[in-house]
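Participant: Below is one structure. I have some questions about it.
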Amino acid sequence: MSEQIEERDYDEYRVIEPLGDWKRTHSCNEITAANMGEKVLIMGWVQFRRDHGGLIFIDLRDREGLTQVVFSPEHNSEAHERAHAIRSEYVVAIKGEVRERPDGMRNPNLTTGEIEIVVDEWKLLNTSDTPPFAIEDRSDASEMLRLKYRFLDLRRPSLAKNFILRNKAAQSVRRYLDGLGFLEVETPVLTKSTPEGARDFLVPSRMNNGDFYALPQSPQLFKQMLMVSGLDRYFQIVKCFRDEDLRADRQPEFTQIDIEMSFVNEEQVMGMAEEMVRTVFRETIETALPAEFPRMTYADAMRDYGCDKPDVRFDLKLQEATQIFKGSGFKVFASSELIKILRVPNGAELSRKEIDEYTKFVEIYGSKGLAWIKVKEDGEWQSPIVKFFSEEECAKLRELTNCQPGDILFFQAGASDIVNAALAALRIKIGERFELIDESKFAPLWVTDFPLLEYNPDEKRYVARHHPFTSPQEGQIDELAEKPADALARAYDLVMNGYEVGGGSIRIHTPEMQKKMFAALGIDEEEARAKFGFLMDALKFGAPPHGGIAFGLDRLIMILCGAKSIRDVIAFPKTQKATCLMTEAPAGVSSTQLRELGIRLREKKEA
RNA sequence: GGAGCCGUAGUUAAGUUGGUUAUAACGCCGGCCUGUCACGCCGGAGGCCGAGGGUUCGAGUCCCUUCGGCUCCGCCA
C-alpha cells in the first residue's frame, strides 16, 4: 500500500570549509536599502531555516542582529542544493548581493527588513548539534539549563544586548573619570583577610603553608593608601569577593566602580558621583536623571519607609502611632516598642484571602500578625481589632492617618526592627499589587547621616555600620565614647529604585581619630596594630583628608537594562549555592595540590 | 542555619481519588513545497516521571531521605 519513500542523507553536504581569505564586510544588522546592489560578505549563526524546496531562506544572526539570506536555484543551483543541509546554529559565511525584497515581503520588525542577500557563494564554517533550547528571546528554557549552556544563552539577543550596554556604561564611566583627572590603578587581588565585615574567600599559600591570602571584599584600604601616596584621585572597575549567601541582586564575585578623592568633603564626592551617574544614564539609555538628586537622612528614611533604601518611585509612607496607644487597654499595642501604620488608599478592595497572604508574608520578617482596618464607603470601620480601641484612640487614628472611605490601614506593632522590616516589605508588595510603581521611571535618592555604629548583640559590642575607617560627623567625638549609638557618620548611600547602588564616606585621616574609633569598636591597640598596622602607620605620615564612594556596577547595569536579576548582566554567574553550572566549579583538587599547600581534608574528596 | 515554590520526551508544560500502552505543544528526523520570516502540509522517532528507600496487589501520583534550581529570612562593615 504505502509507497517506498527514498530518504536522503545530507551529510555529504556537511563538510566544514576553512575560512581562507574571506573577510566580513558587514554585521548582520547594518545592511539596508542604501546598500542595494552591493556585493557583501556576512558571517554568523543560522537562526531559522525556511526550506520551500525551491527557495530556501535563512535568518543569519550575529551579536548585532539578523539578516535574511536567500538561496535561489536559478541564481546558483549548487549553492542552493547544498543549503538543504543547513540546520539551526550552523556557522556560515555568505557571499552575495543585496537585493530589495519584493513588495509585501518586507519585515518591519527587522532593521534589515527591507533587503535580503541573494547567495552567490557560501561556506559552511561549522556545524552544530541541535541546541538544548531555542536561541531566541521568547525561549522559556529554565535558568538551570541556560546557566549550564551559558555560551548558548549569551547568543540570545536580549542577553547579548545587556553586555553591549554594560560595555557602554563602563566606557562612559572611564571617560568621565579620566576627564576629571582620576587615575585607574590596579590593587592586589591576593591580599590580607580583614576580620570586620563580610566573610572572606581564602586562598592557601604554597610558599607559606598554613597562611592564607584573602580575596578583597573591596579595595578599601588600598585606595586609602593611594591617597596617602598623593595619587590624589583614584578609580578602578574592580572585582570584589564576599563569601556570603546569594540573592537575586547578590553574587559572591561582583564588580565595583571604586573611587577615592583627596582634599574633598562629602558634598564634592556626592556631586562628582551624581554627575557620573547622570552621564552614564545619558550616554547609555539616553535618559535624563534629575539635575539634582533628592536627599533624605537615614532617620527620615527609617521613619517614613522603614528601611534605608526606599523605592521612591511611589509615594506610600508609613506613619507612627506608638504614642496613641501608650497606656491603651489593648495590651498588645500598649506594650509595643513601635507601632506603625501603612495606609493604602482604595485598599479596602483587598479580599480576605489577599490580607491572609500578606499576613503570612510579614511573618517572614518576624511579624506575629497583621492588624488592619478597612474604611467602608459609609465611613464605618471594619476590623478585627477596633473593638479593643477606645473612642479617643479611634479619633486620634483618624486624625493621624486622614483615612478616607475605601482605604485600608495595616498595622505592625512590636520590636522596632521587625515593625520596620515588615512594613517596608509590605509597602513594596502593595506598590506592586496596586500598580503604583512606574517601571519606566528611575528614582535616584541620596541617603545621608547614617549612624556610625550599630550594636551587635551576638558579639556584645558596637560594630561599624559602614566600615571602621568612616569618619564621624563634626562634634560627634564625645558621642563616640559616651553614646555610641547616637554618633552619626560622614557616610552616604546612593539608592536607585529601592536598590543600594553606591555607598561611601569621608574617611578618618588622623591616627588620633582612628584610635578613638577602634576604641569605640572594642578593638584594643594591640589588635589594631596586628590587623591594621599599615593603616595606622600611613595615617602618621601626612594623610590628606579624603573620601570616596563605590558603586555596584552589576546592580547599576541591572537597573539600566530593566533586568530582574544581577545574573542577567554577569556573563558567567553562579547559582544560589555559589556553583557554576557550566564549569562545575567549585571542584575537588588532586592530593598533590593539597600536599603542596599543606592542607589535609577532614573527609577525602579528590578530583 | 531556616522558610516557601519547583523538578515528567531535546524543551516547556498537563497528568483527576493510587488503576490498562504516561498526554500536548514546540523542537528533532524524513517526504512534499519558489516568497517565507515562529513558513505550510504529511509521516515518524523520542520517557529509569531528578535519585534512593518505603507503604500497596499496583506509585508520576501517598510517606521518608537525598540531590539540584529559584525566591526570601538570617547573613551581606
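Participant: Residue by residue through the range A:33-42, note down the ones that are surrounded by fewer than 20 Cβ atoms within 10 Å (Cβ to Cβ) and in a strand (DSSP E or B). Talk me through it step by step, then tell me what you get.
Facilitator: Quick first cut of the range A:33-42, residues surrounded by fewer than 20 Cβ atoms within 10 Å (Cβ to Cβ) only: A:33-41.
Listed by number, the residues that qualify are A:K39, A:V40, A:L41.
Participant: Could you tell me how many of the residues in the range A:132-142 are in contact with a Leu (Cβ under 9 Å, 6 or more places away or on another chain), surrounded by fewer than 17 Cβ atoms within 10 Å (Cβ to Cβ) and either under 17 Å from A:P573 (Cβ atoms) or in contact (Cβ under 8 Å) with a residue 24 or more places away in the chain (or both)? Walk me through how you get there before you give the answer.
Facilitator: The initial filter retains those residues of the range A:132-142 that are in contact with a Leu (Cβ under 9 Å, 6 or more places away or on another chain), namely A:132-133, A:135, A:137.
Then keep just the ones that are surrounded by fewer than 17 Cβ atoms within 10 Å (Cβ to Cβ); that gives A:132-133, A:137.
Narrowing the set further to residues that are either under 17 Å from A:P573 (Cβ atoms) or in contact (Cβ under 8 Å) with a residue 24 or more places away in the chain (or both) leaves none.
Total meeting the criteria: 0.
Participant: With respect to A:P188, is the statement that it is assigned to a loop (DSSP other than H, G, I, E, B) and over 26 Å from the mean Cα position of the chain (by Cα) true? Before you say what the answer is, go through the steps one by one.
Facilitator: Values: assigned to a loop (DSSP other than H, G, I, E, B): yes; over 26 Å from the mean Cα position of the chain (by Cα): no.
Taking the combined requirement at face value, the residue does not satisfy it.
Participant: Just to be sure I understand the filter: pairs with C-beta atoms under 6 Å, separated by 6 or more residues or on different chains, first member in the range A:242-254 and under 19 Å from A:G562 (Cβ atoms), second member near RNA strand B (Cβ under 7 Å from one of its atoms) and at pLDDT 95 or above. Which pairs pass?
Facilitator: Within 6 Å, the pairs are A:A248/A:S565.
Participant: Quick one: which residue in A:R175, A:R155 is at pLDDT 95 or above and surrounded by 14 or more Cβ atoms within 10 Å (Cβ to Cβ)? Give the derivation first.
Facilitator: On the way: A:R175 fails: surrounded by 14 or more Cβ atoms within 10 Å (Cβ to Cβ).
Being at pLDDT 95 or above and surrounded by 14 or more Cβ atoms within 10 Å (Cβ to Cβ) holds for just one of A:R175, A:R155, which is A:R155.
Participant: For A:P586, state whether it is surrounded by fewer than 15 Cβ atoms within 10 Å (Cβ to Cβ) and in a loop (DSSP other than H, G, I, E, B).
Facilitator: The answer is yes for A:P586.
Participant: Next question. Return the pairs, sorted by first residue and then second, in which the second residue is in a loop (DSSP other than H, G, I, E, B), the first residue lies in the range A:192-221 and is of a type in the set (K, R), the beta carbons are less than 6 Å apart, and the residues are 6+ apart or on different chains.
Facilitator: Listed pairs, sorted by first residue: A:R199/A:D243; A:R199/A:E244.
Participant: If you scan the range A:544-572, which residues turn out to be touching a strand residue (DSSP E or B) at 6+ places or on another chain (Cβ under 6 Å) and of a type in the set (K, R)?
Facilitator: A:R555, the sole residue that qualifies.
Participant: Next question, about the same structure. Mind listing whichever residues of the range A:354-385 are closer than 16 Å to A:F325 by Cβ, among the β-branched types (V, I, T) and crowded, with 17+ Cβ neighbours inside 10 Å?
Facilitator: Scanning the range A:354-385 gives a single hit, A:I373.
Participant: Okay, next question. Enumerate the strands (runs of 3 or more DSSP E) found wholly within the range A:439-487, keeping only those where 1 or more residues are more than 29 Å from the chain's Cα centre (by Cα) and more than 9 Å from RNA strand B (Cβ to nearest atom). Break it down into steps so the answer makes sense when it comes.
Facilitator: Details: elements: A:444-448, A:453-456, A:461-464.
Fully inside the range A:439-487 and qualifying: A:461-464.
Participant: Test each condition in (1) closer than 20 Å to A:K564 by Cα; (2) in contact with a Gly (Cβ under 8 Å, 6 or more places away or on another chain); (3) more than 16 Å from RNA strand B (Cβ to nearest atom) for A:P157 and report the one that comes out false.
Facilitator: (3)
Here is a yes/no grid of residues against (1) over 20 Å from A:A160 (Cα atoms); (2) modelled with pLDDT under 95; (3) part of a loop (DSSP other than H, G, I, E, B); (4) within 9 Å of RNA strand B (Cβ to nearest atom):
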site: A:F57; (1), (2), (3), (4): yes, no, no, yes
site: A:R99; (1), (2), (3), (4): yes, no, no, yes
site: A:T112; (1), (2), (3), (4): no, no, yes, no
site: A:L125; (1), (2), (3), (4): yes, no, no, no
site: A:P131; (1), (2), (3), (4): no, no, yes, yes
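Participant: Something else about it: Out of all the residues in the range A:133-169, which are among the acidic types (D, E) and in a helix (DSSP H, G or I)?
Facilitator: A:E143, A:D153
Participant: Would the range A:509-530 turn up any residue that is at pLDDT 95 or above, in contact with a Pro (Cβ under 8 Å, 6 or more places away or on another chain) and under 30 Å from A:E275 (Cβ atoms)?
Facilitator: The answer is yes; a qualifying residue exists.
Participant: On to the next question. Being within 16 Å of RNA strand B (Cβ to nearest atom) and without any contact (Cβ under 8 Å) to a residue 12 or more places away in the chain narrows it down to one residue among A:T592, A:T575, A:T583; which is it?
Facilitator: A:T583
Participant: Tally the residues that are basic (K, R) and more than 10 Å from RNA strand B (Cβ to nearest atom), restricting the search to the range A:71-92. Walk me through it before giving the result.
Facilitator: Start the filter on the range A:71-92 by keeping residues that are basic (K, R), which leaves A:82, A:87.
Restricting the remaining residues to those that are more than 10 Å from RNA strand B (Cβ to nearest atom) gives A:82.
Residues flagged as basic (K, R) and more than 10 Å from RNA strand B (Cβ to nearest atom) within the range A:71-92 amount to 1.
Participant: Residue check: is A:I523 hydrophobic (A, V, I, L, M, F, W, C) and part of a loop (DSSP other than H, G, I, E, B)?
Facilitator: yes
Participant: Which residue, of A:F263, A:F314, A:F241, is hydrophobic (A, V, I, L, M, F, W, C) and within 21 Å of A:L180 (Cβ to Cβ)? Write out each step before concluding.
Facilitator: On the way: A:F314 fails: within 21 Å of A:L180 (Cβ to Cβ); A:F241 fails: within 21 Å of A:L180 (Cβ to Cβ).
The match here is A:F263.
Participant: For A:D51, work out the one condition from (1) within 13 Å of RNA strand B (Cβ to nearest atom); (2) in contact (Cβ under 8 Å) with a residue 24 or more places away in the chain; (3) within 18 Å of A:S128 (Cβ to Cβ); (4) in contact with a Lys or Arg (Cβ under 9 Å, 6 or more places away or on another chain) it doesn't fulfil.
Facilitator: Of (1) within 13 Å of RNA strand B (Cβ to nearest atom); (2) in contact (Cβ under 8 Å) with a residue 24 or more places away in the chain; (3) within 18 Å of A:S128 (Cβ to Cβ); (4) in contact with a Lys or Arg (Cβ under 9 Å, 6 or more places away or on another chain), only one is false for A:D51: (4).
Participant: Still on this structure, I have one more. Could you check, for the range A:409-416, whether at least one of its residues is hydroxyl-bearing (S, T, Y), under 35 Å from the mean Cα position of the chain (by Cα) and either under 30 Å from A:R555 (Cβ atoms) or at pLDDT below 95 (or both)?
Facilitator: Checked the range A:409-416: at least one residue is hydroxyl-bearing (S, T, Y), under 35 Å from the mean Cα position of the chain (by Cα) and either under 30 Å from A:R555 (Cβ atoms) or at pLDDT below 95 (or both).
Participant: Which of (1) crowded, with 18+ Cβ neighbours inside 10 Å; (2) more than 14 Å from RNA strand B (Cβ to nearest atom) does A:L202 not meet, given it meets every other one?
Facilitator: Here A:L202 meets the rest and fails (1).
Participant: Could you figure out which of (1) touching a Cys at 6+ places or on another chain (Cβ under 7 Å); (2) near RNA strand B (Cβ under 7 Å from one of its atoms) isn't true of A:Q68?
Facilitator: (1) is the only condition that A:Q68 fails.
Participant: Check A:K239 against each of (1) among the basic types (K, R); (2) assigned to a strand (DSSP E or B); (3) buried (at least 18 other Cβ atoms within 10 Å of the Cβ) and name the one condition it does not meet.
Facilitator: So A:K239 meets the others, but not (3).
Participant: Also, quick follow-up: Does A:K148 satisfy the criteria of being among the charged types (D, E, K, R), closer than 30 Å to A:R87 by Cβ, in contact (Cβ under 8 Å) with a residue 12 or more places away in the chain and touching a Leu at 6+ places or on another chain (Cβ under 8 Å)?
Facilitator: When the stated conditions are applied, A:K148 passes them.
Yes/no matrix, rows are residues, columns are (1) assigned to a loop (DSSP other than H, G, I, E, B); (2) more than 21 Å from A:R427 (Cα to Cα); (3) more than 16 Å from RNA strand B (Cβ to nearest atom); (4) free of Cβ contacts under 8 Å to residues at least 24 places away in the same chain:
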| residue | (1), (2), (3), (4) |
| --- | --- |
| A:A348 | no, no, yes, no |
| A:K353 | no, no, no, yes |
| A:Y358 | no, no, no, no |
| A:F361 | no, no, no, no |
| A:S367 | yes, no, no, no |
| A:E377 | yes, yes, yes, no |
| A:C394 | no, yes, yes, yes |
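The values are calculated or read from the model by the stated rules, or taken from the named source; none is laboratory data. Computed from a prediction, not measured in an experiment: that's the story for all the values here. Heads up, the Cβs are rebuilt from the backbone with ideal geometry, glycines too, and the neighbour counts pull from every protein chain shown.
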